[in-house]
Amino acid sequence: MKYKAITVFLIFIMFISTGCTKLTFEYKKLQNIKIISDFYVDKARYNPSDKVKFIIELKSEKEKVKGRVIIIIKYLGNEIDRIISDEITLDNDKKKILNLIWKAKEYDYVGYSAECWFESKNKLLDMKATAIDVSSDWSKFPRYGYIATFREMDEIEISEIISFLNKYHINGLQFYDWQYKHHKPLAGTVDNPNDEWKDIANRNICKNTVDKYIKYAHNHNMMAMNYNLMFGVYDNFENDGVKKEWGLFKDSKGKKMDYHPLPKTWATSKLYLMNPLNREWQDYILEQEKKVFEVFGFDGWHIDQLGYRGLRFDYEGKIVDLLQAYPQFINNAKNYLNKRVVFNTVEEYGQVLVASNTQVDFLYTEVWDSNKTYFDLKKIVDKGQKFSKGEKSIVLAAYMNYRKSKKNGKFNTPGVLLTDAVIFASGGSHIEFGDTGMLCNEYFPNNNLKMTDELKLKIQEYYDFVVAYQNLLRDNVEEINRRIVIDNEKTSERGESNSIWYFVKNKENKEVLHLINLLGNDNLWRDDLGNKKEPYIKENFKVKYYIEEDVTSVRLASPDYNEGMLEYIKYKRGQDKYGKYILITVPRLKYWDMIVIDK
C-alpha cells in the first residue's frame, strides 16, 4: 500500500468536501451541555469499502432540545467526509438512539477518527469521538482480548459482553481454558461432541456458550482463537493414547518427567510436559487440534508455552533445544491445520526465532519480573519489530496490579493508563480486556480486581486514539534520534523515574514526538499494589526540538483531553550552537502527548 497516494487523495477530498455548516468545529467552542451519552461503531474492524454504522446515543438531561448530529471523519487530522443528520428533537431525559451510515474508502490498513458533534441553533452543544479501523486482516493492527468464562449463558448476556468489547475495537479474542483436557481438548467425538464438560479447574463449560461467543465475535469482525498449551498432558495421559516416551525429562535417564504443578482441587495434580520436537507427539496433538476445528468455528490456535525450563532431555537422554523446537512446531501446526497461529514467547523466550522464522499472525509476549520498567516494555516492542524486520506487530500480556489481585479491589487508574501509554506509544498493543473485565493475573478467570467507571471511560478513549492514529503509531514507523530540551524539567530517553520521557518516530514526511509523563512516579510498570499516582500536569511549557529540515506545521493529540483531536499548536524557528531547532509550545501534558511534526 502506498500511503503517499492515500494522503494526496484524502487531502483532495478534504478540499472538495461540501461545507454544510458555517460552524468552526473546535473543541473550545463547546457549550458543555451533555447531549451525546455514547458514540461508537458496530464492528471492531472493517474491510475496504464496507458500510460503517455509527451508533449515537442521545439524551437531553435538562430540557427539550432540537438540533442535528454532524459526524466528521478524519485521516490523521484532515477531514475527508462529513455526515449530517435530519433535525432531531430530544425530549427531557428520554434516550434516543440514532444510526448513521458511512461507506469506508477503498484503501486498506487505514485508521480514521470520527467526531460526533451535536449542533443546535448554530451552537455546538456537545462532542464525542470514536475511531474506525479499515483493515482486511486483524494481524496488521491486532487489539487482542479474551473470553475466560463458559458457563451456561443466554444469548443476550453473550451479545452484551461482545458489544462491550467492540466499543474498545477489540478485533481478536483468546478463548482461555475452554477445553476439556490440554492433550484432548475436544470433549466427546467429532461426530458426537459433548454438550458440557469440566475444564482443568473443574469449572463447568457449555458448548453452546463457546459456539455463541464465536458467532457474536464473528458478527463484529473479531477473530476467535482457541487457547491451548503446545505440550501439556494430564495425569493418566497414557489412557488417552499419549506415550511417556514422547515426554520432556529433567534427567537424562528418562525417569523424571518435567511438569507444572497445579492446585489440589483441579482436574489434574500437574501438567506433565511433552517434548515439542517429538514428531509422534506433534502428530498426536495436531490431530487433536484438528478435531477441535472440525467442531468449533475457531479461526486459529493460540499456542502457549511455559518459558525457560532449564536443561531438559528427551526419553533417550538427548538434550532438547526448546528454542529450536518452537519454530518447527509452530510451522508444522500452521501447515497441518491451515489456521491462524499466535505463540506466547514467555519473557521473550524464543522471540528471535519465532519473529524471524515462523508464520505467526503477530508476536505475543507474556511479561514477567525480568522486565520491570516502562523502558523494558518499550525494548520488548522495539526488539520484536527488529527481529521480524518490521513485518509483525506485537501484543504484550502485562498484568496490572498483580500483587493486589490476591484480594478483591479496584484497578488503579493511573497505573493502567501509564502502562498503556508506554505500550501504545512504542508501537505495541496490550491484551487486557475480556469478559471478566480487565486482566490482573496470568489465570484469566481471576476477576478479583474491577475497573472503575472512570477507568472504563478513559481506556475507551485510549483505544479510540490507538485506532485513529494507528498509521502513525505502528505502521512502518522507525525510531530516530533527536536532541530535545525541556527547560526546568528532568527529561529522559530511557523512562527514568520522576521525568518526562521522550522518544521520536519517523513516518515518511512526519516525525512523531512522544512525551510520557513520569513526574512524581517511579519507573515500574506493573504498579503491583496500586500505588501509582496521577502525574503532575505540565501546562504551557516549551520543548526545543532540533531538526535541520523545513517544518510546515506542528500538531498535537492526546488521549487524555479534547477527545484525542489532532490540533495545530504554536512553534517558532531558531538556531544555536547545536544547530537549527523549533521551539514548540505544549499546552498540556497529563499522561501521554503525541506531537506530529510535518516536514
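Annotations
- Summarising the amide proton neighbourhood of Ser37: residues at separation of 5 or more, or on other chains, whose placed amide H is nearer than 5 Å comprise Glu57, Leu58, Lys59.
- For the range 286-400, the fraction of C-alpha pairs more than 24 angstrom apart is 31%.
- In a reduced charge model with +1 at each Lys and Arg Cβ and -1 at each Asp and Glu Cβ, the range 99-177 shows a dipole moment near 480 debye about its Cα centre.
- Karplus-derived HN-Hα couplings along the range 447-458 (A = 6.51, B = -1.76, C = 1.60, θ = phi - 60°), whole Hz, x at Gly and Pro: 10, 5, 9, 10, 7, 6, 4, 4, 5, 4, 5, 5
- Among the listed pairs Lys264/Lys406; Lys392/Lys532; Lys34/Lys94, those beyond 21 Å (Cα-Cα): Lys392/Lys532
- Here's the picture: charge each Lys and Arg Cβ at +1 and each Asp and Glu Cβ at -1 in the range 281-426, and of Gly350, Leu377, Ala421 the one pushed furthest to the positive end of that dipole is Ala421.
- Spatially proximal lysines relative to Lys256 (Cα-Cα < 17 Å; intrachain offsets below 8 disregarded): Lys243, Lys244, Lys270, Lys318
- Of all DSSP-defined beta bridges confined to the chain, some 75% are antiparallel rather than parallel.
- In a reduced charge model with +1 at each Lys and Arg Cβ and -1 at each Asp and Glu Cβ, the chain shows a dipole moment near 1300 debye about its Cα centre.
- Accessible area expressed per residue, the chain, with surrounding protein chains retained (probe 1.4 Å, Å²): 41 Å²
- Note: relative contact order over the chain, using C-alpha pairs below 8 Å and six or more positions apart, is 11 percent.
- Structure-derived Cα extents along the principal axes in Å - corresponding label in (1) 79, 72, 68; (2) 81, 71, 43; (3) 78, 63, 47: (3)
- Mean Cβ count within 10 Å, highest first, over the residues of peptides 191-203, 172-184: 172-184, 191-203
- Of the accessible area of the chain, computed with a 1.4 Å probe over protein heavy atoms only, carbon and sulfur atoms account for 44 percent.
- Evaluated at q = 0.10 Å⁻¹, a Debye calculation over the C-alpha positions of the range 103-256 (equal weights, vacuum) places log10 I(q)/I(0) at -0.55.
- Extension gain, Lys599 back to Asn506 (0.36 nm per residue minus Cα-Cα distance, nm): 32.4 nm
- Semi-axes of the equivalent ellipsoid of the range 343-466 are 26, 16, 12 Å, computed as sqrt(5λ) over the eigenvalues of the C-alpha gyration tensor in descending order.
- Neighbours of Gly111, meaning other residues whose beta-carbon lies under 9 angstrom from its beta-carbon, give a summed charge of -2 when Lys and Arg score +1 and Asp and Glu score -1.
- J(HN,Hα) series, the range 273-285, from Karplus relation 6.51 cos²θ - 1.76 cosθ + 1.60, nearest Hz, glycine and proline x: 10, 9, 7, x, 7, 6, 5, 5, 5, 4, 4, 5, 6
- Dipole moment magnitude, nearest 20 debye, the range 322-412 about Cα centre, only Lys, Arg, Asp, Glu C-beta charged: 400 debye
- Most to least packed among 107-119, 324-336 [average Cβ atoms within 10 Å]: 107-119, 324-336
- Within the straight-line cut-off of under 16 Å between alpha carbons, the aspartates and glutamates reachable from Lys255 are Asp235, Glu238, Glu245, Asp314, Glu316, sequence neighbours fewer than 8 places apart in one chain being disregarded.
- Percent breakdown of C-alpha pair distances by 5 Å bin, ordered from the shortest bin, for the range 168-323: 2, 9, 17, 20, 19, 14, 10, 6, 3, 1, 0
- Peptide ranges 85-96, 152-163 listed from the most packed, as the mean C-beta count within 10 angstrom indicates: 152-163, 85-96
- Between the amide H of Gly434 and those of Tyr146, distances stay under 5 Å, these residues lying 5 or more places away or on another chain, with hydrogens modeled in the peptide plane.
- Karplus-derived 3J(HN,Hα), 6.51/-1.76/1.60, for each residue of the range 463-469, Hz, glycine and proline x: 6, 4, 5, 4, 6, 4, 10
- Around the amide H of Lys507, modelled in the peptide plane, lie the amide H atoms of Val512, all under 5 Å away and 5 or more residues distant in sequence or on another chain.
The values are calculated or read from the model by the stated rules, or taken from the named source; none is laboratory data. Because the structure is a prediction, the values reported are computed rather than measured. When we count neighbours, we look across all protein chains shown, and the Cβ atoms used for this are built from the backbone with ideal geometry, even at glycine. Please note that ligands, DNA and RNA were not included when accessible areas were found on the heavy atoms of the full protein model with its side chains. Shrake-Rupley method; radii C 1.70, N 1.55, O 1.52, S 1.80 Å.
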